[in-house]
1. If you line up the long axis of helix 2-25 against the longest principal axis of the chain, both from Cα atoms, how many degrees apart are they, to the nearest 10?
2. Which shape class applies to segment 45-87: rounded if a/c is under 1.5, otherwise prolate when a/b exceeds b/c and oblate if not, where a ≥ b ≥ c are the square roots of the Cα gyration tensor eigenvalues?
3. Using only the alpha-carbon atoms, what does segment 128-184 span along each of its principal axes? Please give whole angstrom values in decreasing order.
4. Gaussian network model of the chain, Cα springs within a sub-10 Å range: biggest mean-square fluctuation belongs to which of 83, 168, 101?
5. Ratio to report: Rg/Rh of segment 36-182, with Cα atoms as the point set and Rh obtained by the Kirkwood method; give two decimals.
6. Per residue of the chain, what 222 nm ellipticity follows from adding -39500 (n - 2.57) for every DSSP H run with n ≥ 4, rounded to the nearest 500?
7. Using only Cα atoms, tell me the angle between helix 46-56 and the longest principal axis of the chain; keep it within 0 to 90° and round to the nearest 10.
8. Set the Förster distance to 41 Å, then compute FRET efficiency between residue 168 and residue 84 from the Cβ-Cβ distance, nearest 0.05.
Ligand SMILES: CC(C)(COP(=O)(O)OP(=O)(O)OC[C@H]1O[C@@H](n2cnc3c(N)ncnc32)[C@H](O)[C@@H]1OP(=O)(O)O)[C@@H](O)C(=O)NCCC(=O)NCCS
C-alpha cells in the first residue's frame, strides 16, 4: 500500500520534471497536446466539466449524472489539463468483468482536431489494459463522423446497432453504432 502510494507520487514528480524540462529546453519540440496531462476528476471540477459538456452535445448530461459517475465504484472519471492547469477535456469509463466502456469523451472545441481525442483514447485503452480488460466498447451517433473517424483510425470496429437509441433535434430518433476495440 505504502509502496504503491510512493510509486504514484514518484510517477507524478518524474512526469512533471520531464514536462518542465522539455518545455523549457526544447520549447518547439512539443506541442500543447503533448504537454497535457491526465488526472482523476473530482466534484470541484464539475462546473468546468459541465461547461465542456454543454459545448459538446445537443443533449448534454446534467450535473446529477456526473455525481453518479463520480460515486460509482467501477467508474474512472478523467480530466486532461494543459500546462496552466486549465481543463480542456474529460472522459468517463466504466470497467467491469473484463470490459471497459467509454461513456463520455468530450474535448473543448478550442483544442479539437489537434490530437487530444486520440491521446485521451490511448490513455483509456492503456488504463483498460492495466485493469486486465480485454475489450473497450463505446456507442456513437452515426452522424458523429468526426468521432467515428477517430475510433476507426484507432482500430475500433462496428459491432452492432441500437435502433433509435438517441434523441434528435427534429424529434425523431437516431440509432447508436456500437463499436469495440480488442486489447491484445
Ligand atoms: C469527437 C472528438 C472527441 C474528437 O476529438 P479531437 O481531439 O478533435 O480528435 P483528434 O484531433 O484526436 O482526431 C484524431 C482523428 O479523428 C478524426 N477526426 C477527429 N475529428 C474529426 C472531424 N471533425 N472530422 C473528421 N475526422 C475527424 C481524424 O481521423 C483525426 O485524425 P487526423 O488528425 O489524422 O486527421 C471531439 O470532436 C469532441 O469532443 N466532440 C464532441 C463530443 C463528442 O462527440 N464525443 C464523442 C461521443 S461518442
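1. On a 0 to 90 degree scale, this one is about 80.
2. Here segment 45-87 falls in the oblate category.
3. Principal-axis extents of the Cα atoms in segment 128-184, largest first: 42, 18, 16 Å.
4. Looking only at 83, 168, 101, the largest GNM fluctuation is found for 168.
5. Answer for segment 36-182: 0.94.
6. That calculation yields -12000 deg cm²/dmol at 222 nm.
7. Rounded to the nearest ten degrees, it is 50.
8. 0.65
Read-outs throughout are calculated quantities, based only on the coordinates presented, and are distinct from any laboratory measurement. Everything numeric in this text was worked out from a predicted model, so none of it was measured. Positions of Cβ are backbone-derived with ideal geometry, glycine not excepted, and every protein chain shown enters the neighbour counts.
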